[in-house]
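The values are calculated or read from the model by the stated rules, or taken from the named source; none is laboratory data. In this text, all values refer to a predicted model and were calculated from it rather than measured experimentally. Please note: Cβ atoms are built from the backbone with ideal geometry, for glycine as well, and neighbour counts cover all protein chains shown.
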């Protein structure tokens, strides 16, 4: 039963492995111009379906409660969309002299440009007992910002504008991302009660569509005989991804717990996960749009495909440790704010007797 439960929880990661394996065996099915017609079904229909689903599932009222925590929001968004991609760019200047596959390195840069995810950061924050409202707000707000900022960052750091027209990218993003998202929010207003009652599996629906996108992306890769991925580069990239995640989680922890910080321990938990997690649901469709026509698109996608399960795995492993720290920190703060109670059995000094004036400490 334990194994079945674990498989149920990890089905998406297993699904990624399965669709890549199927794409390797028969790439002609999902290749551009093939039977699935991914240039229409994926580029427009599947991507639009993901964001319509996001708009339908997003509880706007849950975000308003966290809206006023401006300092926390600024910290998360600046770290995610400014510091993260810039730090990765500096790091990649050093890695460029190594024999690591250049397209995988470009893929690492795309990871840095991605917004926070709507699901994993919130789930892990909730598991620890952190500021869930702040996690929900920053994940959703970061996703909205990412619609505009992520393509700009990709063009800035990778310069793909030379082969893909800037206006074409944003018009397609608007039609397949912004419009479905807005329509989803509008529809939600009319069927809100039904959604609350039935609780449709929004996450599973988006994940299934995402698996289709990943499948067709890798069909294009395996159908191209000129693409070769060496195992050395792949192993190094996996190691770099885990190192980056651990380093950035530790960095956000240090920044949010410094002496002059006003963040609570629960805020710190939300900051750690929201600042370091990256969205696969938004990322893969955006890469598909921004790098349309690139024969190395799937290699660019590989680091993001690795980063997604890695952030869930690392986060899950660290939940008990972070929870233990948060609880002990909250207790310590509570004790420092409360006046010391007299020890049981110890006589109260005569100067503190109720009949006399209060004790002056």
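Worth pointing out:
- Check on residue 81, part of a helix (DSSP H, G or I) and within 13 Å of the chain's Cα centre (by Cα): yes
- Pair list, Cβ < 6 Å and 6+ apart or interchain, from segment 308-323 residues that are on the phi > 0 side of the Ramachandran plot and in contact (Cβ under 8 Å) with a residue 12 or more places away in the chain to residues that are assigned to a helix (DSSP H, G or I) and crowded, with 17+ Cβ neighbours inside 10 Å: none
- Pair list, Cβ under 6 Å, 6 or more apart: segment 82-101 residue more than 14 Å from residue 153 (Cβ to Cβ), other residue crowded, with 16+ Cβ neighbours inside 10 Å: 95/105; 100/233; 100/236; 101/233
- Subset of segment 230-249 (residues that are more than 17 Å from the chain's Cα centre (by Cα) and either surrounded by 15 or more Cβ atoms within 10 Å (Cβ to Cβ) or at pLDDT 80 or above (or both)): 231, 232, 233, 234, 235, 236, 237, 238, 239, 240
- All positions within segment 312-324 that are at pLDDT 85 or above and buried (at least 22 other Cβ atoms within 10 Å of the Cβ): 322
- Residue 86 at pLDDT 85 or above, crowded, with 22+ Cβ neighbours inside 10 Å, under 21 Å from residue 242 (Cα atoms) and in contact with a helix residue (DSSP H, G or I) (Cβ under 9 Å, 6 or more places away or on another chain): no
- Residues being outside any loop (DSSP other than H, G, I, E, B) and over 26 Å from residue 296 (Cβ atoms) - total across segment 84-131: 9
- Residue match in segment 190-207 (condition: surrounded by 18 or more Cβ atoms within 10 Å (Cβ to Cβ) and modelled with pLDDT under 80): yes
Here is a yes/no grid of residues against (1) in contact with a helix residue (DSSP H, G or I) (Cβ under 9 Å, 6 or more places away or on another chain); (2) surrounded by 20 or more Cβ atoms within 10 Å (Cβ to Cβ):
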| position | (1), (2) |
| --- | --- |
| 93 | no, no |
| 105 | yes, yes |
| 108 | yes, yes |
| 117 | yes, yes |
| 124 | yes, yes |
| 136 | yes, yes |
| 144 | yes, no |
